[in-house]
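The values are calculated or read from the model by the stated rules, or taken from the named source; none is laboratory data. Every value quoted in this text rests on a predicted model; they were computed, and no experiment measured them. Note: ideal-geometry Cβ built from the backbone for every residue, glycine included; neighbour counts use all protein chains shown.
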Amino acid sequence: MKIKGEYAKIAGFVAVALALLVLAPAVLSDFRLSLLGRFVCYAIVAVGIGLAWGRGGMLTLGQGVFFGLGAYVMAMHLKLSDAGPTGVPDFLKLYGSGVVPSWWEPFRNPVVTILAIVLIPSLVAFGLGMAIFRRRVRGAYFAILSQALAAAFAILLVGQQATIGGTNGLNGFRSFFGFNLFDPVNKRMLFYIAASTLLVMLLVVWQLYRSRYGELLIAVRDQEERVRFLGYDPANIKIVAYVVAAAMAGIAGALFVPIVGIISPASVGVVPSIAFLIGVAIGGRSTLFGPALGAIAVAWAQTSLSESFPSFWIYFQGALFVLVVAFLPRGLSTVGSMFTRRREAA
Amino acid sequence: MKTDYLELTDVRVTFDGFVAVDGVTMTVLQGDLRFLIGPNGAGKTTLVDAITGLVPATGSATFGRTELLNRKVHKIARLGVGRTFQTASVFEELTVLQNLDIAAGAGRGPFTMLRRRSATPPEVESALDVIGLSDLRDRQAGVLAHGQKQWLEIGMLLVQDSKVLLLDEPVAGMSAEERQQTGELLQRIGENCTVVVVEHDMDFMRSFATSVTVLHAGKVLSEGTVAQVQADPKVQEVYLGRAEVQA
């Protein structure tokens, strides 16, 4: 049984890899491929949410914070490198003092930028986790708290017109680590980078799920107090999952910036934070592939349906969400196992 | 041979002015199978909660000269004090083996945690044997029979390397045969551990207790062997009084 499950997962992983790295670039136009690249970024966030929520029971409605941290760090680096070694990004001349703020300076360095994309969201999540989980805040209270953080973060960004572009956000990037962003070849390369990152993240959570830590995380999700009596501090176990999920969201945000060409408070607040979650719920939050595939499918459906019926999508999304919650509370990817269970029961 | 013991001195638990445990003093030696009985509301479970860190208490509870009271729950567990709950609380989505493996692993480092379990740890293997669930190791704990879940809980205490076992109504809802098996299991475990069993079932107590403490209204009413306690007029009064009220 176990061995069979392993093979099925390997086959699933190979199928996802082939679809993303071979099939999609072969059949999709540059425009569609770039769209898919954006959805892949959402999928990376979704993989993290699957870990934190599906396996760890932390309903995190505020992944936009970490997504935004990664995205803004990347955007600041791109603006600075477009402006040249000592130059000043265009918008700072328009709205700001015309001087690069001192806290921008470290992000001129590409190495510092890449480290910061992972470390800043991780450290913020660690600090929040210490404050939240140690105090045994959980369930709906944690969900509300995380959502409030996303709202506060977006408001904070809106207020910083002079230093990070306010409502407009940061946009108009011309190059990505020296590569021209207007060149279609480089745009395709960005897609490959995002898709490979998603695959790596899937491997990371796969290893976590099959490790002893993964088993322990399920135990904490289902019976947090019981775990305490076995000598573990559940807060530490939850913090690990929360930090990994935050790092994934940060990386996704950083990839989102060059692919989409803009990051603004509208992409990191409450609404996008909830949107991240819908794909995870529909795909199957505690499964390995469900969150990523659900996120891509929902985003894809949203785009295609909004193109044909501009005001119709929101109803479709609502209906899909209701149907899944009512009939498949564990998500679409559990359809198969539901049938086998019925057959075994019969 | 070193003999460990659990020593409670004047343990007191108060909830908003209500005294649930009112100055309990008792000593339980290793190898003793101590039963803690008493009417509902006598403070039995609260006493266990206090020792395991679930509720704040005053007084002193020591095991091997280490003070247990008012430490964090998981720290007390690591000192070798384990407990079960009235309702079996195993991890239902995990298998029997995974449940035991988690219970055995509180001291594992990050490197071990992030890898897969390559082989069944020997202590888990022997616990599976002791609790008689070897054949069901890959079964989900959620589908076990009620009695098997309780045995799994006891097995988890064993692999956790608990020296003090506090069992809260381990045979509630079990069949006569399961009670017998559980009692024998506890006797075997009790040789090397300090075991305290909170129980309502008097037949079960008579068959397996080596000593008994009777709690009433948060105080120790009587203590001794089964025969001594049963002959104690104070105990008879409390239990008979209750019977009259119920009738």
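Below are the figures for this structure:
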item: Qualifying residue in region B:29-49 (condition: within 14 Å of chain A (Cβ to nearest Cβ) and within 29 Å of B:Ser126 (Cβ to Cβ)); result: yes
item: Conditions (1) crowded, with 19+ Cβ neighbours inside 10 Å; (2) touching a residue at least 24 places away in the same chain (Cβ under 8 Å): number failed by B:Gln181; result: (1)
item: Selection count where residues are among the hydroxyl-bearing types (Ser, Thr, Tyr) and more than 7 Å from every other protein chain (Cβ to nearest Cβ), scope region A:217-242; result: 1
item: Checklist (1) buried (at least 22 other Cβ atoms within 10 Å of the Cβ); (2) farther than 23 Å from B:Glu92 by Cβ; (3) free of Cβ contacts under 8 Å to residues at least 40 places away in the same chain applied to A:Ala219, failing item; result: (2)
item: Residue check, A:Val16 β-branched (Val, Ile, Thr), surrounded by 24 or more Cβ atoms within 10 Å (Cβ to Cβ) and away from chain B (no Cβ under 14 Å); result: no
item: Count of region B:63-84 residues which are out of contact with any Lys or Arg (no Cβ under 8 Å at 6 or more places or on another chain) and of a type in the set (Phe, Trp, Tyr); result: 0
item: Helices (runs of 4 or more DSSP H) enclosed by region B:68-158 - at least 3 residues per element that are more than 9 Å from chain A (Cβ to nearest Cβ); result: B:96-104, B:122-130
item: Residue that is nearest to B:Thr9 (Cα to Cα), among those in region B:216-236 that are of a type outside the set (D, E, K, R) and part of a strand (DSSP E or B); result: B:Val220
item: Residue ranges of helices (runs of 4 or more DSSP H) in region A:85-199 with at least 3 members closer than 29 Å to A:Gly48 by Cα and either aromatic (Phe, Trp, Tyr) or over 23 Å from the mean Cα position of the chain (by Cα) (or both); result: A:140-158
item: Residue among A:Tyr95, A:Tyr42 that alone is crowded, with 18+ Cβ neighbours inside 10 Å, of a type in the set (Ser, Thr, Tyr) and either more than 14 Å from every other protein chain (Cβ to nearest Cβ) or touching a Lys or Arg at 6+ places or on another chain (Cβ under 9 Å) (or both); result: A:Tyr42
item: Positions within region A:282-322 being among the hydroxyl-bearing types (Ser, Thr, Tyr) and crowded, with 23+ Cβ neighbours inside 10 Å, in sequence order; result: A:Thr287
item: Count of region A:120-143 residues which are within 22 Å of A:Phe67 (Cβ to Cβ) and either in contact (Cβ under 8 Å) with a residue 60 or more places away in the chain or of a type in the set (D, E, K, R) (or both); result: 12
item: Which listed residue, of A:Ile314, A:Ile262, A:Ile296, is modelled with pLDDT under 90 and within 27 Å of A:Phe31 (Cα to Cα); result: A:Ile314
item: Which numbered condition B:Leu166 misses (of (1) within 30 Å of B:Ala227 (Cβ to Cβ); (2) crowded, with 20+ Cβ neighbours inside 10 Å; (3) aliphatic (A, V, I, L, M); (4) more than 14 Å from every other protein chain (Cβ to nearest Cβ)); result: (4)
item: Complete set of residues in region A:35-77 that are hydrophobic (A, V, I, L, M, F, W, C) and in contact with a Gly (Cβ under 6 Å, 6 or more places away or on another chain); result: A:Ala46, A:Phe66, A:Phe67, A:Leu69, A:Ala71
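Quick grid of which residues meet (1) modelled with pLDDT under 75; (2) part of a helix (DSSP H, G or I); (3) out of contact with any Gly (no Cβ under 6 Å at 6 or more places or on another chain):
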site: A:Pro310; (1), (2), (3): no, no, yes
site: A:Gly318; (1), (2), (3): no, yes, yes
site: A:Leu323; (1), (2), (3): no, yes, yes
site: A:Ala326; (1), (2), (3): no, yes, yes
site: A:Ser333; (1), (2), (3): no, yes, no
site: A:Thr340; (1), (2), (3): yes, yes, yes
